[in-house]
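Here's the structure we're looking at; comments come further down.
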Amino acid sequence: MYQPDKFIKSLKHQDVDFHKRFTILSWNVAKLTLRSSYKEFLESIIKNYSLDVLLLQEVKKDISTELDLYDYSYILSPNIETKRHLFGVLNAFKTSCENEFSLLTQKREFSYMTHKVSLITEHKVDGDKRLLIVNLHAINFVKSSDFHQELNSIKKEIKSHKGAMIVAGDFNTWNIKRVQLLREFTHDLSLKEVSFSDDSNLKKVFSNCIDYIFYRELKLSYSKVINSKKISDHNPIIATFEF
């Protein structure tokens, strides 16, 4: 196992601007992306909710085959590579992507295992306007000070962006200190939290939420937590926004 240094991407919609109304999904798929049960469930969600953007964490890809992503453009930023598979975070969309970059954590989990990775993509909306999307899989099994440092590294990379922004993913905020540090991070970036009328299916550890969608300079019109019937140990969360 070693650390990969490349994107896997397929950009098929470079002449398409972002819609003024769009729906995103964020989901930690727990390395189950090659299973037929996962593929069938994701396909049903895409059809039922007309998803424009998929933000997936812990994606598993067979090195020898292409990703099957239902005519989405996509970028996969891996943090782990084995002889047969890549693992990482993936942004999928049906619009142009003006820019992409990824950020590996400086620390490793348990000090000797893997880095985590966040993927940032920039999309054209209208004229000179840009939407920045951050798919964040926060580092776990490190000290709170290290967690704080990694959030600050991400903030430093994205704070200069002017305009609409979405930050979503698995934040591994399983204790109060991590939650507090996340609140500081979102406050500094003027981000609002997507709330859910029924949060009983949200992934929680020690009563603390793990998965979030945050946003700014957008209007939230719909949100939902979807029960994935134990396909993953996380449930997908979706939100519909308008410019």
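The residues of region 49-66 that are among the β-branched types (Val, Ile, Thr) and more than 16 Å from the chain's Cα centre (by Cα), listed by number, are Ile63, Thr65.
Among the residues of region 121-140, the ones that are assigned to a loop (DSSP other than H, G, I, E, B) and either in contact with a strand residue (DSSP E or B) (Cβ under 6 Å, 6 or more places away or on another chain) or modelled with pLDDT of 95 or more (or both) come to 1 in all. Please verify whether region 33-51 includes one or more residues that are more than 23 Å from Tyr215 (Cβ to Cβ), β-branched (Val, Ile, Thr) and in contact with a helix residue (DSSP H, G or I) (Cβ under 8 Å, 6 or more places away or on another chain). Yes, region 33-51 has at least one match. Just one of the listed residues (Lys107, Lys124) is touching a helix residue (DSSP H, G or I) at 6+ places or on another chain (Cβ under 9 Å) and on the phi < 0 side of the Ramachandran plot, namely Lys107. Only a single criterion out of (1) within 21 Å of Val53 (Cβ to Cβ); (2) without any contact (Cβ under 8 Å) to a residue 60 or more places away in the chain; (3) among the β-branched types (Val, Ile, Thr) is not satisfied by Thr240, namely (2).
Leu76 - would you say it is surrounded by 23 or more Cβ atoms within 10 Å (Cβ to Cβ) and either of a type outside the set (Ser, Thr, Tyr) or under 21 Å from Ile63 (Cα atoms) (or both)? Judged against the criteria, Leu76 is a match. Applying a threshold of 6 Å to beta carbon distances and a minimum spacing of six or more residues, or different chains, the list of pairs starting in region 172-185 at a residue that is under 10 Å from Ala138 (Cα atoms) and ending at one that is part of a helix (DSSP H, G or I) reads Thr173/Val179; Thr173/Leu182. Only residues that are among the β-branched types (Val, Ile, Thr) and either modelled with pLDDT under 95 or farther than 13 Å from Ala239 by Cβ (or both) were counted across region 191-208, and they come to 1.
When region 107-120 is filtered for residues that are part of a helix (DSSP H, G or I) and of a type in the set (S, T, N, Q), only Ser111 remains.
The listed residues are Asp211, Asp170, Asp188, and the only one of them that is in contact with a helix residue (DSSP H, G or I) (Cβ under 9 Å, 6 or more places away or on another chain) and either within 28 Å of Arg21 (Cβ to Cβ) or at pLDDT 95 or above (or both) turns out to be Asp188.
Where strands (runs of 3 or more DSSP E) fall entirely within region 141-242, those with at least 2 residues that are aliphatic (A, V, I, L, M), buried (at least 18 other Cβ atoms within 10 Å of the Cβ) and within 19 Å of the chain's Cα centre (by Cα) are at 165-170, 237-242.
Every residue, every condition in (1) in contact with a Cys (Cβ under 7 Å, 6 or more places away or on another chain); (2) in contact (Cβ under 8 Å) with a residue 60 or more places away in the chain; (3) of a type in the set (A, V, I, L, M); (4) under 22 Å from Ile75 (Cβ atoms), yes or no:
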{"residue": "Glu100", "(1), (2), (3), (4)": "no, yes, no, yes"}
{"residue": "Lys107", "(1), (2), (3), (4)": "no, no, no, no"}
{"residue": "His115", "(1), (2), (3), (4)": "no, yes, no, yes"}
{"residue": "Ser118", "(1), (2), (3), (4)": "no, no, no, yes"}
{"residue": "Gly127", "(1), (2), (3), (4)": "no, no, no, no"}
{"residue": "Leu132", "(1), (2), (3), (4)": "no, no, yes, yes"}
{"residue": "Ser145", "(1), (2), (3), (4)": "no, no, no, no"}
{"residue": "Gln149", "(1), (2), (3), (4)": "no, no, no, no"}
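The values are calculated or read from the model by the stated rules, or taken from the named source; none is laboratory data. Values in this document were obtained by computation on a predicted structure and should not be read as measured data. Cβ atoms come from the backbone with ideal geometry, glycine included; neighbour counts cover every protein chain shown.
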